[in-house]
Amino acid sequence: AAAAPKQAPTNGEAASKANAAIRDAYAAMPIAERFAIQSDLIWSGDYNGGVNGEFGDRAVAAVKAFQKRSKGKETGILLPEERAALSAAVKSQREQVGWKIVEDPVMPGVFLGIPGKLATQTARGKSGGRWASSRGEVQIETFRESMADTTLSALFEQQKKAPANRRVEYSVLRPDFYVLSGLQGLKKFYVRAQQKDTDVRGVTILYDQAMEGIMDPVTVAMSNAF
């Protein structure tokens, strides 16, 4: 019998193979610098993955996207001048929204990043802290749920349906966390919840659709900082 023809690699497989040398180059960098690059790429709007120091295909693609927008050569590895340009660009973005790390006023030991210039009002929520803009364009609230009478997957399904005006467009459930996002009424919403010991701690972010250009990268940064 004739041998089966070899299948050509898919675009994704080819890209992953081509990125092997790039991944090795990043692996040789200090971990703090890898974290910083990923964080900056989130703020630049080029990356929506986790800040974990691992430069997989998505992170490499984000570097190339930034290089393309900057009219540079799409190598996947930032030249010193490109790294400086990225850092300078996102520094102004962070300053514009007043990015800062704060401790939850209701749940000691829980820290999160918030856009302090956008969410200027602080209060106590139902089970966590609450931050909001003066007219409600941006609303941020942390929450805690006991695992004594429920499960992470049950909370995940519950929050898909409540409140009733929530329409989920993206969702992911993992053994120790989940993410939901979509529309809630006329606002965009984002929920990230993490299981820790016998509790689930999470943050819900709501913002006007007109603010998505500002808030989309902020939301990804908040998710990684929570």
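The values are calculated or read from the model by the stated rules, or taken from the named source; none is laboratory data. Computed from a prediction, not measured in an experiment: that's the story for all the values here. Cβ placement follows ideal geometry from the backbone for every residue including glycine, while neighbour counts extend to all protein chains displayed. Just so you know, the surface numbers come from the protein's heavy atoms only, side chains and all, with ligands and any DNA or RNA stripped out. Shrake-Rupley method; radii C 1.70, N 1.55, O 1.52, S 1.80 Å.
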Point to revise | Some residue of the range 49-58 being open to solvent by 50 Å² or more (accessible area, probe 1.4 Å) and at pLDDT 90 or above | key: yes
Exercise for review: Could you tell me whether the range 65-84 includes any residue that is modelled with pLDDT under 90, of a type outside the set (A, V, I, L, M, F, W, C) and more than 30 Å from Gly129 (Cα to Cα)?
Suggested key: no
Practice item. Please list, ordered by first then second residue, the pairs with beta carbon atoms under 9 Å, 6 or more apart or interchain, first in the range 98-120 and free of Cβ contacts under 8 Å to residues at least 60 places away in the same chain and of a type in the set (Asp, Glu), second surrounded by fewer than 17 Cβ atoms within 10 Å (Cβ to Cβ) and part of a loop (DSSP other than H, G, I, E, B). Key: Glu103/Gly109
Study note, to complete from the structure: Of the residues in the range 195-226 that are in a strand (DSSP E or B) and among the polar types (S, T, N, Q), the one that is most open to solvent (accessible area, probe 1.4 Å) is Gln195
**Study point:** Failed condition for Pro80, given (1) open to solvent by 30 Å² or more (accessible area, probe 1.4 Å); (2) in contact (Cβ under 8 Å) with a residue 24 or more places away in the chain
**Key:** (2)
Check your understanding: If you take the residues of the range 157-173 that are free of Cβ contacts under 8 Å to residues at least 24 places away in the same chain and part of a helix (DSSP H, G or I), which of them is least open to solvent (accessible area, probe 1.4 Å)?
Key -> Lys160
Revision key, fill the gap. Contact list, first residue from the range 135-152 and closer than 19 Å to Phe226 by Cα and assigned to a loop (DSSP other than H, G, I, E, B), second anywhere and at pLDDT below 90 and open to solvent by 50 Å² or more (accessible area, probe 1.4 Å), beta-carbon distance below 6 Å, six or more apart or interchain, is none
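Would you mention how many residues in the range 96-130 are of a type in the set (D, E, K, R), surrounded by fewer than 17 Cβ atoms within 10 Å (Cβ to Cβ) and modelled with pLDDT of 95 or more? Don't jump to the end; show me each part of the working.
Step one: list which residues in the range 96-130 are of a type in the set (D, E, K, R), which gives 100, 103-104, 117, 124, 126, 130.
Subsequent filtering for residues that are surrounded by fewer than 17 Cβ atoms within 10 Å (Cβ to Cβ) retains 100, 103, 117, 124, 126.
From what is left, the residues that are modelled with pLDDT of 95 or more are 117.
Total satisfying the criteria: 1.
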Practice item. Tell me, please, whether a residue that is open to solvent by less than 20 Å² (accessible area, probe 1.4 Å), over 18 Å from Ile114 (Cα atoms) and not aromatic (Phe, Trp, Tyr) can be found in the range 182-190. Key: yes
Check your understanding: Just one of Glu74, Glu95, Glu54 is among the acidic types (Asp, Glu) and more than 19 Å from the chain's Cα centre (by Cα); which is it?
Key -> Glu74
